[in-house]
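A.B. asks: Dropping a structure here in structure tokens format, bear with me for questions.
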Amino acid sequence: MLTSGIVQSYIAAKKLPEDITITRLTELFDAAGVVANIKIISPPEVQLQEDEKPSKTAIIVYYSDETARRALQDLDENTSLDLSRPIELQYFGPSTMQAVENELNQQALAKALQETWLGVSTSGTKETIEPYF
């Protein structure tokens, strides 16, 4: 498929409910401009905090960087579509689907390692860990 002159731009929507659908996401993200593609991914299996709910992430592709930036501005922390928590968006700009997916997986794993091995919670609290020696 020839896409000469078209620069696709990517954003990720995090902390989506497990039952989110592409149809629901299209309804929301088309408000900022025409969406080229949406892919829903499940983050790597990690242990959740007690108060944390399982969630999914979606990669949203726009035909232009301007549209992706508008979506980021208009929809970040949005609670549309009766979602149980605000949408958290991350801008990736011009990229590829695989590069964005790889980066999101690395972020999820780094967060899990930080919380598990360092005793640091992303909610802002820190546990005290006694050294082994």
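The values are calculated or read from the model by the stated rules, or taken from the named source; none is laboratory data. Every value quoted in this text rests on a predicted model; they were computed, and no experiment measured them. Cβ coordinates were reconstructed from backbone atoms using ideal geometry, including for glycine residues, and neighbour counts include every protein chain displayed. Accessible surface areas use protein heavy atoms only, side chains included; no ligands, DNA or RNA. Shrake-Rupley method; radii C 1.70, N 1.55, O 1.52, S 1.80 Å.
A.B. asks: Does residue 129 satisfy being open to solvent by less than 60 Å² (accessible area, probe 1.4 Å) and either of a type in the set (Val, Ile, Thr) or at pLDDT 90 or above (or both)?
C.D. replies: no
A.B. asks: Let me ask another. Whether any residue in the stretch 79-86 is modelled with pLDDT under 70, charged (D, E, K, R), surrounded by fewer than 17 Cβ atoms within 10 Å (Cβ to Cβ) and closer than 16 Å to residue 25 by Cβ is what I want to check. Can you show your working first?
C.D. replies: Start the filter on the stretch 79-86 by keeping residues that are modelled with pLDDT under 70, which leaves 79-84.
Okay, now just the ones that are also charged (D, E, K, R), so 82.
In the following step, the residues that additionally are surrounded by fewer than 17 Cβ atoms within 10 Å (Cβ to Cβ) were identified as 82.
Filter once more, so that each one left must be closer than 16 Å to residue 25 by Cβ: 82.
Within the stretch 79-86, one or more residues are modelled with pLDDT under 70, charged (D, E, K, R), surrounded by fewer than 17 Cβ atoms within 10 Å (Cβ to Cβ) and closer than 16 Å to residue 25 by Cβ.
A.B. asks: Follow-up question, since we're still on this one. State yes or no: is residue 96 surrounded by 15 or more Cβ atoms within 10 Å (Cβ to Cβ) and modelled with pLDDT of 75 or more?
C.D. replies: Working: surrounded by 15 or more Cβ atoms within 10 Å (Cβ to Cβ): no; modelled with pLDDT of 75 or more: yes.
When the stated conditions are applied, residue 96 does not pass them.
A.B. asks: If the Cβ limit is 6 Å and pairs must be 6+ apart or interchain, which residue in the stretch 89-111 that is within 23 Å of residue 73 (Cα to Cα) pairs with which residue that is among the acidic types (Asp, Glu) and outside any helix (DSSP H, G or I)?
C.D. replies: Partner pairs satisfying both residue conditions: 89/76.
A.B. asks: Can you tell me how many residues within the stretch 22-46 are in contact with a strand residue (DSSP E or B) (Cβ under 8 Å, 6 or more places away or on another chain), at pLDDT below 85 and exposed (fewer than 14 other Cβ atoms within 10 Å of the Cβ)?
C.D. replies: Of the residues in the stretch 22-46, 1 are in contact with a strand residue (DSSP E or B) (Cβ under 8 Å, 6 or more places away or on another chain), at pLDDT below 85 and exposed (fewer than 14 other Cβ atoms within 10 Å of the Cβ).
A.B. asks: Next up: Taking the stretch 47-71, which residues are modelled with pLDDT under 90 and exposed (fewer than 15 other Cβ atoms within 10 Å of the Cβ)?
C.D. replies: Matches in the stretch 47-71: 47, 48, 49, 50, 51, 52, 53, 54.
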